[in-house]
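A short worksheet on the structure shown next.
The values are calculated or read from the model by the stated rules, or taken from the named source; none is laboratory data. Treat the numbers as computed from the prediction; the structure is a model and nothing was measured. For neighbour counting, all protein chains shown are included, and Cβ atoms are generated from backbone atoms with ideal geometry for every residue, glycine included. The protein model used for the area step is the full one, side chains on, heavy atoms only, and it has no ligands, DNA or RNA in it. Shrake-Rupley method; radii C 1.70, N 1.55, O 1.52, S 1.80 Å.
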Amino acid sequence: MPTQTAERTRPVEAVVPASGRQAARARRAQRTKDWARRAPLLPALVFLIIVTQLPFLATVVISFIRWNALAPDNRGFAAFDNYKAVFTDHAMRSSVLTTVLLTVTVVLVSLLLGLGLALLLDRGFRGRGIVRTLLITPFLVVPVASALLWKHALYNTSYGLLNGVLTWIWGLFGSDNPPQPDWMTDSPLAAVEVSLIWQWTPFMMLILLAGLQSRPTDAVEAARMDGASPFDIFRCLTLPHLRRYLELAALLGTIYVVQNFDAVFTITSGGLGTANLPYTIYQTFYQAHDYGRASAQGVIVVLCSLLVATFALRTVSSLLREEVTR
Amino acid sequence: MTSVPLTLRRPRRPAGSTARRRRRTGGMLVLVAWLCGIAFFLPVAWMVLTSFHSETDAATNPPSVGAGLTLDGYREFFGAGSGISPWPPLINSLTASVASTLLVLALAVPAAYALSIKPVRKWSDVLFFFLSTKMLPLVAGLLPVYLIAQNTGMLDSIWLLVILYTSMNLPIAVWMMRSFLAEVPVEMLEAASTDGAGLHTTLTRIVAPVAMPGIAATALISFIFSWNELLFARVLTGIVAGTSPVFLTSFVTSQGLFLAKVCAAATVISLPVLIAGFAAQDKLVQGLSLGAVK
């Protein structure tokens, strides 16, 4: 930066004689200055390109190779065979559907719940800090631990808390024949979704709560003075202010829930129609050892994600637009 | 909520009763907030309670809430019965999370500085590139990473996880940090440079104090996501470098189910993140919002 302050004065002198040599020097100085600005960015950029983009390129290459680790001799160029296999694969198609269903449900429900909770917590009351602490706990529990917790301590048919409470309530009325639903078998996808909603609602709440607290209070006061009802205030003032926070929470939630592996892996092991894309790829690669096909699956997932990401990034660019003027 | 149509229909009601009614609905909402908080916390409370029960008390139907407490679950977890020590995975997790968080900060802070305080031309493109890497499913690059690691002998090494976790958290970190640094008023920077402050002074005296809460929040988020990661750890590590989440999954399948012991394990492994998260929840709220939108 010291060089920069020096350069800032130099072009002024350079304009006066306007000789070719000095113009070249000014240009060179400008270039150094540009690089000085970019230099701090480079390590992060180079690191990300090497660690995330190069492996993906390798995935693309492998997706065109016939390569199963269990049959090492039968390896060669496969053209589009792997892709053909993926598209005709019933399991793959159903896992696409599962991923969409799982992600949309979890993100929407936890966003709505998070909004409700954030509105409740936005009011000042005694013990608000404690309630907030209670609420964010699910987000802080290690996902594998929470998946195990739901699977064994809550959903389990013979000693899980859910059926235990049913037994207890029925017992209060003198019945020893309580309903004991098998949560994970009867509605496996819902079982996974509930545990994920429980885990992600606090995250949504945190973002929206911060959004609410950055809301200018004078406009709300003025509206209240003019006799606006709480609902009108929410609809016309709070919601527009929260829009960007809602979009951002949805975007980040989607990024993480689409890639969810822990809950599917732990709660149902992908059984009963709960296998999502990451789990399916994991299986093809880690259990079937079909490297070629796993890569083709990966490439397809990336292409689909890019499609979604283009829309998502357009949303984010609206978030940034106001700031670009800085 | 019933109060809404009433006020619309009869705006000229006596002031006293409106205030009383508002107080009553307010009280209701506080109650609802408390109930929601307890409902969300309940599974965790149940996990902790179960971890202090004996195995027979843990697996009853209806649940035995008031059963006697014991430390057997924890004693079992720390290897008294089985002889499998949880310390190596815990230490691996700590190493991977702390090292990658430090690396994330070392890379993200300068990048965010370049993007916010000294905006680079076309900087929003660079920012989008960062965020877009986050949208590529990690699993799509897993196989080449696995093959490279296998051929270079990096398989089952904690440092491979450090590198991968860094790449996993770097985009979000740059994204959050950039906004925190954008909070530094331009006038202050200009004033500093007129007063002849060098880069070092500017950074330590002006940028750092404003950006510190943001750095803390970014570090916390990065630590949490690294500590929690399962897929990479499961595929790329084995006996030596296995992390806590991997240990937790193997723990259940290999030994049948001991509910109290599993709950004790889940509690211990979640504890570092819980403590860090509780201690810094204000920073977390601030960090998520500022980093995200402002």
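Brief remarks on what is shown
- Calculated P(r) of segment A:201-322 - Cα pairs past 18 Å, %: 67 percent
- For chain B, the Stokes-Einstein estimate of translational diffusion at 25 °C and a viscosity of 0.890 mPa s comes to 106 µm²/s, using the Kirkwood hydrodynamic radius over alpha-carbon pairs.
- Spin-label zone in segment B:33-76 - amide nitrogen under 11 Å from a point set 7 Å from the Cα of residue A:186 along the C-beta vector: none
- Using only side-chain charges placed at the Cβ, +1 for Lys and Arg and -1 for Asp and Glu, the dipole size of segment B:84-290 relative to its Cα centre rounds to 260 debye.
- Relative contact order for segment B:18-76, counting Cα pairs under 8 Å that sit 6 or more residues apart, in percent: 28 percent
- P(r), alpha carbons of segment B:115-249 - 5 Å bins starting at zero, rounded %: 2, 9, 15, 16, 15, 12, 10, 9, 7, 4, 2, 0
- Rounded to the nearest 20 debye, dipole of segment B:18-76 from Cβ charges on Lys, Arg, Asp, Glu: 1000 debye
- Cα-projected label distance for residue A:75 with residue A:173, points at 7 Å along beta-carbon direction, nm: 6.5 nm
- For segment B:18-76, the fraction of 1.4 Å probe accessible surface lying on carbon and sulfur atoms is 71 percent.
- Association of chains B and A removes close to 9700 square angstrom of accessible area from solvent, both sides included, for a probe radius of 1.4 Å.
- Heavy-atom surface of chain A, accessible at 1.4 Å and reported per residue (Å²): 49 Å²
- Across every pair of non-identical alpha carbons in chain A, the mean reciprocal distance, once inverted, gives a Kirkwood radius of 24.8 Å.
- Per residue, the convex hull around the alpha carbon atoms of segment A:223-278 comes to 113 Å³.
- Chain A: DSSP helices with Cα axial extent of at least 15 Å and average Kyte-Doolittle hydropathy no lower than 1.6: A:90-122
- Cα-derived Rg to Rh of segment A:13-85, Kirkwood definition: 1.47
- Cα pair distances of segment B:51-117 binned at 10 Å [whole percent]: 17, 23, 20, 16, 14, 9, 0
- Lys/Arg +1, Asp/Glu -1 at C-beta; the protein assembly as shown dipole; positive extreme among A:45, A:275, A:95: A:45
- Here's how it looks for residue A:65: its modeled amide H is under 5 Å from those of A:78, which are all 5 or more places away or on a different chain.
- Under the Debye formula (equal points on every Cα, no solvent term), log10 I(q)/I(0) of the protein assembly as shown at q = 0.06, 0.07 Å⁻¹: -0.38, -0.52
- Remark: segment A:37-177 projects, on average over all directions, an area of 18.6 nm² (convex hull of Cα atoms).
- Rounded D (µm²/s) - segment B:18-76, Kirkwood Rh over Cα pairs, Stokes-Einstein at 37 °C, 0.692 mPa s: 235 µm²/s
- Over segment B:84-290, relative contact order from alpha-carbon pairs under 8 Å, at least 6 apart, %: 34 percent
- Each Cα pair under 8 Å and six or more residues apart adds its sequence gap; the mean of these over the residue count of chain A is a relative contact order of 26 percent.
- Segment A:161-220, Cα convex hull volume normalised per residue, Å³: 135 Å³
- Diffusion coefficient of segment A:114-268 by Stokes-Einstein, Kirkwood radius over Cα pairs, 20 °C, 1.002 mPa s: 118 µm²/s.
- Chain B: DSSP helices with Cα axial extent of at least 24 Å and average Kyte-Doolittle hydropathy no lower than 0.0: B:15-51, B:87-116, B:158-182, B:208-228, B:259-279
- Farthest towards the positive end of the charge dipole of segment B:84-290, among the residues B:139, B:279, B:158, is the Cα of B:139, using unit charges on the Cβ of Lys, Arg, Asp and Glu.
- Residue among A:256, A:159, A:279 with the largest mean-square fluctuation in a Gaussian network model of chain A, springs linking Cα atoms under 10 Å: A:159
- Sorted largest first, the spans of the alpha carbon positions of segment A:85-136 along the three principal axes are 60, 16, 8 Å.
- Between B:49, B:143, B:103, the GNM of chain B built on Cα springs shorter than 10 angstrom shows B:143 fluctuating the most.
- Think of the protein assembly as shown as a dipole: +1 on every Lys or Arg Cβ, -1 on every Asp or Glu Cβ, centred on the Cα centre; then among B:52, B:262, B:214, B:214 lies furthest on the positive end.
- Length released on extending from residue B:148 to residue B:56, taking residue separation times 0.36 nm less the Cα-Cα span: 28.4 nm
- Per residue, segment B:18-76 exposes 57 Å² of accessible surface when a 1.4 Å probe is rolled over the protein heavy atoms with every protein chain present.
- Segment A:88-113 and segment B:117-193: distance between their alpha carbon centers, rounded to Å: 27 Å
- For the protein assembly as shown, size of Cβ-based charge dipole, Lys and Arg +1, Asp and Glu -1, in debye: 2460 debye
- The simple Förster model, with R0 at 41 Å and r as the Cβ-Cβ distance, assigns residue B:159 and residue A:93 a FRET efficiency of 0.60.
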